[in-house]
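Read through the structure below, which is laid out as structure tokens, and then see the notes.
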Amino acid sequence: MRKVLRWLLTLAVLIGTLSGTAAGAATAARPEPTDIKDRLLSIPGMSLVEEKPYPGYRYFVLNYTQPVDHRHPDRGTFQQRITVLHKDVSRPTVFYTSGYNVSTNPSRSEPTRIVDGNQVSLEYRFFTPSRPDPADWSKLDIRQAADDQHRVFEALKPIYGGHWIATGGSKGGMTATYYERFHPRDMDGVVAYVAPNDVVNDEDSAYDRFFTTVGTKECRDRLNAVQREALVRREPLEKRYAQYAAGKGYTFDTIGGLDKAYEAVVLDYVWGFWQYSLLKDCGTVPADAATASDDAIWKSVDTISGFSAYTDQGLAQFTPYYYQAGTQLGSPTIHFPYIERKLIRYGYQPPRNFVPRAIPMRFQPYAMRDVDTWVRHHATHTLFVYGQNDPWGSERFRLGAGARDSYVFTAPGMNHGANVAGLVPRENTLATGRILQWAGVSAADTARAEPLARFDAKLDAGDTEREPASRP
């Protein structure tokens, strides 16, 4: 009996050895891909949309299969668009999101230039074409979006094995912060630009205080006068608006009519100026609104606020943002003490007015409180950058006693495009050095505290898409 057992054991070992040899031979026959495109496409669920050439890089537009619901991954999938600006697998990687659509043209965020690294850019879920079909809007929340980023990171980390930094501006800065809150072990650092933090949605007095002090009194008076005059001349300018909309084929079903859309555009005017313009641009604002022509008032409002913003066609692209603003992110409500109440019919309208009524919405007041508490007590290797003259910075992230190696800086005189380069020299040096250290570059490079890559006018142009003032 023992001889039989020994014989069976020997046979099993022999079979295992032969199997291992055969598997090894099969593996040897199929070597791992070495070209970066082949490596990316070897990831399960990854597919190529296109590759675009750019000097010094490889640039890929890709689709990645994601669960509609990360808590129940068996309940359907969708294709999420990502791009990869590939430098070298030995370089650090920056994970960028705007919080909206992703551009399919090569570009570089400021941290990517600072660390001379790779950049992975992700389109936010529910922004087309990265939208499940059918769209269950209840699956659009900050945790699901953070889980999207986590899965992309896990898929790419075996290829890009160095340090990773998350970044984004405005809603993208919010997104990078939320990602860190839900997956704090993924990234080695976070750089969040001009990220609003609306902890208590019903308390927005910080915005009203901002508009009483920003810039100079002369500039504020000019802007306020044009805004008021656009409401005084509501009747003739709305006739022009109707003609404009008819010529473009614009409609107003979502917001509930042209009159509501007109007022929303006008009430965005002052906010929009400070969000995108600088103090020196006050010279472009009509100096005497009362005597300015209708054409001058129209052109100024259209240039700054955009009369297409609250049409059905203008709102459709941003439905996911307004949905999130009305369910988790919160949104500002501001007042206009220099405008007679009789001239304002609707006031600063809530996100519910900008989302089709067929999509249900319910606000969750705990979502932002949770993130704010986490940042105050647990933020690590996190940098927040704000612009002094940007209204969105009125409610911002702040650090508490529990934060470690984290910073909040304000760029003097800058707007919603504030960046590290715009900080005062001491803070610029500190911020650049910290980003380099978080990215794991050499001690010598960190000590110099300067961007490692040369400026490229095309690649470093930034996000040139101008969004209406009601969106961060």
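The values are calculated or read from the model by the stated rules, or taken from the named source; none is laboratory data. Since the model is a prediction, treat every value here as computed from it, not as a measurement. Positions of Cβ are generated from backbone atoms using ideal geometry, with glycine treated the same way; all protein chains shown enter the neighbour counts. To get the accessible areas, we keep the full protein, side chains included, count just its heavy atoms, and leave off ligands, DNA and RNA. Shrake-Rupley method; radii C 1.70, N 1.55, O 1.52, S 1.80 Å.
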Review point. Which whole-number value in Å² is the accessible area per residue of segment 126-208, probe 1.4 Å?
Key: 32 Å²
Revision key, fill the gap. Rounded to the nearest 0.05, FRET efficiency between ALA242 and ASP460 (Cβ-Cβ, R0 35 Å) equals 0.25
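Taking 0.36 nm per intervening residue step and subtracting the Cα-Cα distance, what contour gain separates ASP136 from ARG426 on full extension? Can you show the working numbers first?
Working: separation 290, 0.36 × 290 = 104.40 nm, distance 4.77 nm.
99.6 nm is the gain from fully extending ASP136 to ARG426.
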Exercise for review: Could you work out how far helix 171-182 tilts from the main Cα principal axis of the chain, as a 0 to 90 degree angle to the nearest 10?
Suggested key: 40 degrees
Check your understanding: Reachable lysines from LYS280, Cα under 20 Å, same-chain residues fewer than 8 places away excluded?
Key -> LYS217, LYS299
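Keeping all protein chains in place, calculate the accessible area per residue for segment 70-118 (probe 1.4 angstrom), answer in Å².
Details: 1820 Å² over 49 residues.
Normalised by residue count, the accessible surface of segment 70-118 is 37 Å².
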**Study point:** Radius of gyration and Dmax over the Cα atoms of segment 179-304, both given in Å
**Key:** 18.6, 60
Review point. ³J(HN,Hα) across segment 284-293 via Karplus (A = 6.51, B = -1.76, C = 1.60, θ = phi - 60°), whole Hz, x for Gly/Pro?
Key: 8, 8, x, 6, 10, 4, 4, 9, 5, 6
Review point. What accessible area per residue comes out for segment 259-320, rounded to a whole number of Å², with a 1.4 Å probe?
Key: 33 Å²
Review point. Can you pull the percent of the chain's accessible area that's carbon plus sulfur, 1.4 Å probe, other chains left in place?
Key: 54 percent
Review point. Nearest 10 degrees, 0 to 90: what angle lies between the long axis of helix 2-29 and the longest principal axis of the chain (Cα atoms)?
Key: 50 degrees
Revision key, fill the gap. The simple spin-label model distance between ARG376 and ALA401, using points 7 Å out along Cα→Cβ, in nm, is 1.2 nm
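Please report the net charge: other residues with Cβ closer than 9 Å to the Cβ of GLY326, K and R +1, D and E -1.
Numbers: positive: ARG352, ARG362; negative: none.
Taking every Cβ under 9 Å from that of GLY326, the sum is +2.
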Point to revise | Cα-based shape type of segment 49-130, given that a ≥ b ≥ c are square roots of the gyration tensor eigenvalues and the cut on a/c is 1.5 | key: prolate
Point to revise | Helix-only [θ]222 nm of the chain, DSSP H runs n ≥ 4, -39500 (n - 2.57) each, per residue, nearest 500 | key: -11500 deg cm²/dmol
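Please work out the ratio of the alpha-carbon Rg of the chain to 2.2 N^0.38 Å and round it to two decimals.
Working: Rg = 26.0 Å, N = 472, 2.2 N^0.38 = 22.8 Å.
Expressed relative to 2.2 N^0.38 Å, the Cα Rg reads 1.14.
Exactly which trypsin sites (Lys or Arg not before Pro) in segment 401-467 are in a DSSP loop and have at most 15 other Cβ atoms within 10 Å?
Values: sites: ARG404, ARG426, ARG434, ARG448, ARG454, LYS458, ARG466; in loops: ARG454, LYS458, ARG466.
Within segment 401-467, the qualifying trypsin sites (Lys or Arg not before Pro) (loop, at most 15 other Cβ atoms within 10 Å) are ARG454, LYS458, ARG466.
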Check your understanding: So what J values fall out for segment 84-101 if you push phi through Karplus, 6.51 cos²θ - 1.76 cosθ + 1.60 with θ = phi - 60°, rounded to Hz, Gly and Pro as x?
Key -> 10, 9, 8, 9, 5, 5, 7, 8, x, 10, 9, 9, 10, 8, 7, x, 10, 6
